[in-house]
Amino acid sequence: MTLPVALITGASSGFGLAIAQRLLARGFRVIATARRQDRLSALAEQYPTQVLPLALDIRDRNTIRSSIAELPADWADIDLLVNNAGLALGLAPAQSASMDDWQTMIDTNCLGLAAITHAVLPGMVARNRGLIVNIGSIAGDYAYPGGNVYGATKAFVHQFSLNLKADLLGTAVRVSCLEPGLAGGSEFSKVRFQGDETKAASIYQGTQPLMPDDIASVVEWLATLPPHININVMEMMPVCQAPSALTIHRKSQV
Ligand code: NDP
Ligand code: 8X3
């Protein structure tokens, strides 16, 4: 029996790498994508027959289209697409944020995710089989200062997931949006703060955040549910985090 195929974006670190490791242990073959070829090759060296490294920039729509169209025949029938690649850049208020950062987040988190979905989905529908797991974020549900465009890109992921499901009604193809909260053990905060490790570490000080394998365990669960069950949206947080109350700015009373 051939092993099922999962395509994971952002498989070079953090959640994506942990998801790859869980799925490989579970008997999936993994098409591992990200920009850093060396990281993907290292994974492929560990699992030579089970991993197909596919270096690409998810913002490059033409490369995505051709890479998916030219997959080797025995890798082409993708059973599981994990749209995980993404990033936050900066935590500045909107009025002083960088427009370049906004564009990179929108290009990666929204357009990149849409492009790879657009390339993979027709095959899933033709085979009447498949699961898409989109990695959203609680930042798409709850506002926080400095979350501006990052949160908005994750709101896109949330609604795109629900709208995909609406279009897929009548097919066996499933779509889930997994929305984690505070999570450490990945490069997320280092990327957000442009390599500033001290600032990145301060985010997790005094907390026990989610870890990449926590997210991977949920993806593994989603991927092994009976095929008649669709989890639409799933929000997960560490115990040390909670949705906060609305805030009110009061004029000083002097
Ligand atoms: P990491 O920074 O560790 O991983 C991000 C991954 O995305 C990397 O593998 C990176 O690979 C890839 N990536 C980024 N840009 C591109 C690009 N242009 N083309 C291809 N691949 C790209 O962070 P996490 O593992 O924490 O984040 C994974 C996902 O989870 C993201 O979508 C993030 O928004 C989301 N998330 C993170 C949370 C957290 O607190 N950590 C909480 C909730 C959601 P490479 O650089 O090699 O291209
Ligand atoms: C990452 C979670 O709260 O840092 O998506 O934006 S948060």
Please state which one of LEU80, LEU3 is closer than 16 Å to GLU220 by Cα and either in contact (Cβ under 8 Å) with a residue 60 or more places away in the chain or out of contact with any strand residue (DSSP E or B) (no Cβ under 6 Å at 6 or more places or on another chain) (or both). LEU80
Could you list all residues from the stretch 197-229 that are closer than 23 Å to GLN159 by Cα and surrounded by 15 or more Cβ atoms within 10 Å (Cβ to Cβ)? ILE215, ALA216, VAL218, VAL219, GLU220, LEU222, ALA223
Of the conditions (1) touching a Leu at 6+ places or on another chain (Cβ under 8 Å); (2) crowded, with 18+ Cβ neighbours inside 10 Å, ASN232 fails just one. Which one is it? (2)
Residues that are away from ligand 2 (no atom under 13 Å from the Cβ), closer than 28 Å to LEU121 by Cβ and outside any loop (DSSP other than H, G, I, E, B): does the stretch 233-250 have at least one? yes
Restricted to the stretch 160-193, and to residues that are in contact (Cβ under 8 Å) with a residue 60 or more places away in the chain and farther than 21 Å from VAL219 by Cα, which residue is nearest to ligand 2 (Cβ to nearest atom)? ARG192
Unique residue being within 16 Å of ligand 2 (Cβ to nearest atom), under 19 Å from ASN134 (Cα atoms) and touching a residue at least 24 places away in the same chain (Cβ under 8 Å) when the list is ALA34, ALA18: ALA18
Confirm whether LYS190 is under 29 Å from ASN128 (Cα atoms), modelled with pLDDT of 95 or more and surrounded by fewer than 20 Cβ atoms within 10 Å (Cβ to Cβ). no
Across the stretch 135-162, which residue is farthest from ALA6 (Cα to Cα) among those that are near ligand 1 (Cβ under 9 Å from one of its atoms) and among the polar types (S, T, N, Q)? THR153
What residue, among those in the stretch 37-53 that are in contact (Cβ under 8 Å) with a residue 24 or more places away in the chain and within 29 Å of GLN103 (Cα to Cα), is surrounded by the most Cβ atoms within 10 Å (Cβ to Cβ)? LEU40
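The values are calculated or read from the model by the stated rules, or taken from the named source; none is laboratory data. Bear in mind that the values here come from a model prediction, so they are computed numbers and not experimental data. Neighbour counts run over all protein chains shown; Cβ positions are idealised from the backbone, glycine included.
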